Amino acid sequence: MSIESLTQIAAERSEKNGILDDRRRALETCLQQLCEADRLVVEHRYSRQMSVAQIAGITGRNPPTLYKALERIRRRLSECVNRRLELGSHD
């Protein structure tokens, strides 16, 4: 493999890592904008890898309601991240 090829691969990886870093920062900002209850549901589900049934037991909400809430939260987060990336704003 030539040095040019290795340089190109390194540049592509660096660019991809930069994009992922931008997405991560945008997601962190968007998570901070959620209300505390939604943020806790996301934390339990994704950081602590709890099942919806476990979260329901903790929060007192029923599982179908939590599934709908998670769907709504994921959609809002996705829209927020995409909007921030389009604007180039991560603050």
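Yes or no: the stretch 2-19 includes at least one residue that is modelled with pLDDT of 60 or more and either surrounded by 14 or more Cβ atoms within 10 Å (Cβ to Cβ) or on the phi > 0 side of the Ramachandran plot (or both). No, the stretch 2-19 has no match at all. When Leu66 is tested against the conditions (1) among the hydrophobic types (A, V, I, L, M, F, W, C); (2) modelled with pLDDT of 95 or more; (3) closer than 30 Å to Gly88 by Cβ, the lone failure is (3). Taken as a whole, the structure places Arg84 among residues that are modelled with pLDDT under 95, in a helix (DSSP H, G or I), surrounded by 14 or more Cβ atoms within 10 Å (Cβ to Cβ) and charged (D, E, K, R). Among residues of the stretch 39-57 being closer than 26 Å to Thr29 by Cβ and among the hydrophobic types (A, V, I, L, M, F, W, C), the one that is surrounded by the fewest Cβ atoms within 10 Å (Cβ to Cβ) is Leu40.
Quick one: count up the residues across the stretch 26-59 that are touching a Pro at 6+ places or on another chain (Cβ under 8 Å) and closer than 20 Å to Arg76 by Cα.
1
Taking the stretch 69-81 on its own, how many of its residues are over 11 Å from the mean Cα position of the chain (by Cα) and exposed (fewer than 11 other Cβ atoms within 10 Å of the Cβ)? Talk me through it step by step, then tell me what you get.
The first filter runs over the stretch 69-81 and keeps only residues over 11 Å from the mean Cα position of the chain (by Cα), leaving 69-72.
Restricting the remaining residues to those that are exposed (fewer than 11 other Cβ atoms within 10 Å of the Cβ) gives 71.
Residues flagged as over 11 Å from the mean Cα position of the chain (by Cα) and exposed (fewer than 11 other Cβ atoms within 10 Å of the Cβ) within the stretch 69-81 amount to 1.
The values are calculated or read from the model by the stated rules, or taken from the named source; none is laboratory data. What you are looking at is a predicted structure, and each value in this text was computed from that prediction instead of being measured. Here the Cβ is made from the backbone with ideal geometry for all residues, glycine too, and neighbour counts use every protein chain on show.
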